[in-house]
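Asker: I am attaching a structure below and will ask some questions about it afterwards.
The values are calculated or read from the model by the stated rules, or taken from the named source; none is laboratory data. Only a predicted model underlies this, so the values are computations on that prediction, with no experimental measurement involved. Every residue, glycine as well, gets a Cβ built from its backbone with ideal geometry; the counts of neighbours run over all protein chains shown.
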Amino acid sequence: MKKIFLFIALLLNGFLFAQNLTIEDAILKGRTTLAPQRLSQLMFKPDNKTISYIGKLNGKEVLIYINVPDLTKDTILKVEDLYLSFYSVMPEETKFERFPFFTWFDNNSIIYTYNNSVYLYDFTNKKTTIKVRASGNAENIDYDKNSNRIAYTIGSQLFVSDNTSINTLLDYAKKGKKDGVVQSDLITNDNGADFDNGKGVHRSEFGITKGTFWSPKGNKLAYYMLNETMVTSYGLMKFDTKPSGLENIKYPMAGAKSHEAKVFVYDFIKKRNVEIETGEPKEQYLTNIAWSIDEEFLYIAVVNRGQNEMKLNMYDALSGKFIKTLFTETNAKYVEPEKPILFVKNNDKQFVWLSERNGFNNFYLYERGGKLLKQLTNLKQHISESVGFDATGANLFFNAFSADGMNKYLYSVEIKSGKITQHNKLEGIHASIVSDDGFYILDSYSNLNTPRQIILNDVKGRIYGSLVNAVNPLVNFATTEITLGKIKSPDGVTDLNYRLIKPANFDSTKKYPTIVYVYGGPHAQMVTNSWLGAADLWMLSFAQQGYVIFTLDNRGSLNRGLNFENITHRQLGKYEMEDQLAGVKFLKQQNYVDSNKLGVYGWSFGGFMTTSLMTRTPDVFKVGVAGGPVIDWSLYEIMYTERYMDTPQENPDGYKENNLINYAKNLKGKLLLIHGTNDNVVLWNHTLNYIKQCVDDGILIDYAVYPTHEHNVLGKDRVHLFKKINQYFNDYLK
């Protein structure tokens, strides 16, 4: 067991005084003044001998250098001086008082984007120049340093500008036209309203975060084209018109017709646009796009709609023609590639592939043509991502979680020998930055007892000093004890991680109302050995009001390996509920938990879990709050749902057994459903249908909607949301 005590001591007029954390502070200050100290835009300069970050001097931002390895500091640039240089070339632009997000262009200049244009500041002559500009209404901006071009979208169209043109447009493949010469100054809008170009596809599954992909030298640009003409529409309420109306979106539901994606490549030298011939069937997922170093080939991980087969395909980037499938991965449940191939540094004939084929994410080394050279790592841990190579490409750095999923460390693997080195020793969640030469490491970490430390060390293990040793930002608030621990799942074998927060001024002789905060779904982990055990500050606020707050990561959640996650396949809700009820059993064994006053709260998949627990085990929880819950999986999106449930046609029993409409009549406790009216992830239909079923069954239920909000309630309205949740538990659980 691990514990942390957030001790609060304010001596006021001779008395020991501890203030409670308000909902406003918890929500509005959780990432600012009540967050542990951090260094903004922390990075190594290209010389690998200097660290830079944004600090403050007299309340204003400044760029600070830290010399390596002696850690001496220099203030290099004030934000007002950067702005004055910027103003000299762009006097019509709005003033900025904070540093824009930037990267180092070379060792003497930085490059940043502001109001859709790219600027370079040269430290030698202290001048700003405009590198390239995009239109003012541009979105999805993607700048390429090598070619000094910027790709962006306006509406459904994709544009590219260079330093000689602001509105140079690429052609996006007229229907049925796979290849052709285009004029860069032509504007084509012939795809129609249900097409999109240069944007992410497949509803951001499979690690897809964008829709444009520059080749290594910037001579070519690959991009997605999405066709949604065949997808059913769903109307989102518009409240800003009189009378109110609908805004239609395309939403592919499980078992229905899916959208179709294509990949195109524009060649700036040949002024030619070609379609990559990804073939049939059209309903497939084109994921993890990567370029060969010489720009001749494009690699795409093609996943079938059933998501039980992935083919890593190689295509000719000049003609668009399919060359061959390098290898195929299959799984009886599902495959889910999320990282593109990574070519070995200084070796364009070998690449690394990250795969769960042996039950855990591991690296595999391949020859460019698809020959497997060897399995590079064989960890029984979850590798989350690669961090980069050292200067020669001899070693690959990567992050991986401990076997129990609680800690995250930086490792490196030697490509030649397969030797693995762990570069962090202290338990916790480490987020490391490695210098480009692979020698120095900036190790930012936290654990239950450490708000944040940032340490400079090297790959040999030598520690040079600390850049940050953050103090507890909650030192002035009431004492709250957080415990991390493990219980067994009902199978008697699997360990499940939990976090338990005891009330302020805890008295072991008293019994306390207890709230279970649950998520429980794939791609999420609620409990880690990080600051506060990864608890949000609203949980501490609730605990300071006299609640026990408990969270358990059930089977099906992230960072514990494939078998831990995919056990829920075709039965979303079944094993997750079993594990959460094991957590309830554990809670009831604690003499300070009032078994008659158990509540449960969750959002999205957690809303599904909350509603499931309130109605499928109606005698366990007295009060529940479910935000944005999935009620009927047949109404949820294809990409996510069919991975974990197959289609409704293939798995009718699974959909029926986990359709919460069927259990509405069982509700005994108090249940509050919350939904944003413009939710484009979990459609408003879910809770509206549920409310209708409750009315039909004569079941009294509470309901709150947030007009204009999407899948979560954000901004200042989030304070209102948590006050509502707090009030509901105070009214019915206390």
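Quick grid of which residues meet (1) in contact (Cβ under 8 Å) with a residue 40 or more places away in the chain; (2) of a type outside the set (V, I, T):
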{"position": "T232", "(1), (2)": "no, no"}
{"position": "K238", "(1), (2)": "no, yes"}
{"position": "N248", "(1), (2)": "no, yes"}
{"position": "A256", "(1), (2)": "yes, yes"}
{"position": "F264", "(1), (2)": "yes, yes"}
{"position": "N273", "(1), (2)": "yes, yes"}
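Asker: OK, next. Could you tell me which residue of region 285-343 is surrounded by the most Cβ atoms within 10 Å (Cβ to Cβ), considering only residues that are more than 24 Å from T212 (Cβ to Cβ) and of a type in the set (F, W, Y)?
Answerer: From region 285-343, those more than 24 Å from T212 (Cβ to Cβ) are 304-309, 324-325, 327-335; that's our starting set.
Keeping just the survivors that are of a type in the set (F, W, Y) gives 327, 334.
Details: F327: 16, Y334: 21.
So, considering only residues that are more than 24 Å from T212 (Cβ to Cβ) and of a type in the set (F, W, Y), the one surrounded by the most Cβ atoms within 10 Å (Cβ to Cβ) is Y334.
Asker: Checking the condition buried (at least 17 other Cβ atoms within 10 Å of the Cβ) and among the polar types (S, T, N, Q), which residue from T677, T687 passes? Outline the logic, then answer.
Answerer: Values: T677 fails: buried (at least 17 other Cβ atoms within 10 Å of the Cβ).
Going through T677, T687 in turn, just one is buried (at least 17 other Cβ atoms within 10 Å of the Cβ) and among the polar types (S, T, N, Q): T687.
Asker: Here is a follow-up. Just give me the residues in region 349-366 being charged (D, E, K, R) and either closer than 11 Å to P337 by Cβ or modelled with pLDDT under 95 (or both), in sequence order.
Answerer: We begin by selecting, within region 349-366, every residue charged (D, E, K, R); these are 349, 356-357.
If the condition is that a residue be charged (D, E, K, R) and either closer than 11 Å to P337 by Cβ or modelled with pLDDT under 95 (or both), then E356, R357 are the ones that fit.
Asker: Here's another thing I want to ask about it. Could you tell me whether region 362-373 includes any residue that is among the acidic types (D, E) and either under 23 Å from the mean Cα position of the chain (by Cα) or under 22 Å from H523 (Cα atoms) (or both)?
Answerer: Kept after step one, since they are among the acidic types (D, E), are these residues of region 362-373: 367.
Among the residues that remain, those that are also either under 23 Å from the mean Cα position of the chain (by Cα) or under 22 Å from H523 (Cα atoms) (or both) are: none.
Within region 362-373, not a single residue is among the acidic types (D, E) and either under 23 Å from the mean Cα position of the chain (by Cα) or under 22 Å from H523 (Cα atoms) (or both).
Asker: Still on this structure, please answer the following. Go through the residues of region 398-405 one by one and say whether even a single one is outside the structural domain of A535 (by TED's automatic domain parsing), in contact (Cβ under 8 Å) with a residue 12 or more places away in the chain and in contact with a Gly (Cβ under 7 Å, 6 or more places away or on another chain). Reasoning before the result, please.
Answerer: Filtering region 398-405 for residues outside the structural domain of A535 (by TED's automatic domain parsing) gives 398-405.
Going one step further and asking which of them are in contact (Cβ under 8 Å) with a residue 12 or more places away in the chain, we end up with 398-405.
Next, from what is left, pick out any that are in contact with a Gly (Cβ under 7 Å, 6 or more places away or on another chain): none.
Within region 398-405, not a single residue is outside the structural domain of A535 (by TED's automatic domain parsing), in contact (Cβ under 8 Å) with a residue 12 or more places away in the chain and in contact with a Gly (Cβ under 7 Å, 6 or more places away or on another chain).
Asker: Report whether or not F360 is surrounded by 20 or more Cβ atoms within 10 Å (Cβ to Cβ), touching a Gly at 6+ places or on another chain (Cβ under 6 Å) and either touching a residue at least 12 places away in the same chain (Cβ under 8 Å) or not in a loop (DSSP other than H, G, I, E, B) (or both).
Answerer: Details: surrounded by 20 or more Cβ atoms within 10 Å (Cβ to Cβ): yes; touching a Gly at 6+ places or on another chain (Cβ under 6 Å): yes; either touching a residue at least 12 places away in the same chain (Cβ under 8 Å) or not in a loop (DSSP other than H, G, I, E, B) (or both): yes.
The answer is yes for F360.
Asker: Step by step: first the residues of region 491-528, then only those that are in a loop (DSSP other than H, G, I, E, B) and aliphatic (A, V, I, L, M), then the one that is nearest to L587 (Cα to Cα). Which residue is that? Walk me through it before giving the result.
Answerer: Just the residues of region 491-528 that are in a loop (DSSP other than H, G, I, E, B), to begin with: 491-494, 502-511, 518-528.
Those left that are additionally aliphatic (A, V, I, L, M): 493, 504, 518, 524, 526-527.
Numbers: V493: 19, A504: 18, V518: 14, A524: 23, M526: 18, V527: 17 Å.
Of everything passing the filter in region 491-528, V518 is nearest to L587 (Cα to Cα).
Asker: Given region 233-289, what strands (runs of 3 or more DSSP E) lie entirely inside it while holding 2 or more residues that are among the aromatic types (F, W, Y)? Show your work before the answer.
Answerer: On the way: elements: 233-238, 245-250, 260-267, 272-275.
Qualifying strands (runs of 3 or more DSSP E): 260-267.
Asker: Cβ-Cβ distance below 7 Å, separation of 6 or more or different chains: which pairs start in region 514-531 with a residue that is in the same structural domain as R643 (by TED's automatic domain parsing) and free of Cβ contacts under 8 Å to residues at least 60 places away in the same chain and end on one that is hydroxyl-bearing (S, T, Y) and in a strand (DSSP E or B)?
Answerer: That search, which allows pairs on different chains as well, returns M526/T551.
Asker: All but one of (1) modelled with pLDDT under 95; (2) in a loop (DSSP other than H, G, I, E, B) hold for F99, so report the exception by its number.
Answerer: With (1) modelled with pLDDT under 95; (2) in a loop (DSSP other than H, G, I, E, B) applied to F99, the lone miss is (1).
Asker: Looking only at region 458-479, decide whether some residue is over 30 Å from T50 (Cα atoms) and assigned to a strand (DSSP E or B).
Answerer: Within region 458-479, the first condition is being over 30 Å from T50 (Cα atoms), and the residues that meet it are 474-479.
Narrowing further to those that are assigned to a strand (DSSP E or B): 477.
Yes, region 458-479 contains a residue that is over 30 Å from T50 (Cα atoms) and assigned to a strand (DSSP E or B).
Asker: Among the residues of region 228-243, is any under 30 Å from N346 (Cα atoms), at pLDDT 90 or above and surrounded by 21 or more Cβ atoms within 10 Å (Cβ to Cβ)? First the steps, then the outcome.
Answerer: Here is the first cut: in region 228-243, the ones under 30 Å from N346 (Cα atoms) are none.
Checked region 228-243: no residue is under 30 Å from N346 (Cα atoms), at pLDDT 90 or above and surrounded by 21 or more Cβ atoms within 10 Å (Cβ to Cβ).
Asker: Scan region 117-129 and tell me whether some residue there is assigned to a strand (DSSP E or B), at pLDDT 95 or above and of a type in the set (G, A, S).
Answerer: No, region 117-129 contains no residue that is assigned to a strand (DSSP E or B), at pLDDT 95 or above and of a type in the set (G, A, S).
Asker: Okay, next question. Looking at (1) part of a strand (DSSP E or B); (2) among the hydrophobic types (A, V, I, L, M, F, W, C); (3) farther than 30 Å from R149 by Cα, which one does L77 not meet, given that it meets all the others?
Answerer: Exception for L77: condition (3).
Asker: Say we look at region 57-69 and pick out the residues that are assigned to a loop (DSSP other than H, G, I, E, B) and in contact (Cβ under 8 Å) with a residue 60 or more places away in the chain; which of these is surrounded by the fewest Cβ atoms within 10 Å (Cβ to Cβ)?
Answerer: P69
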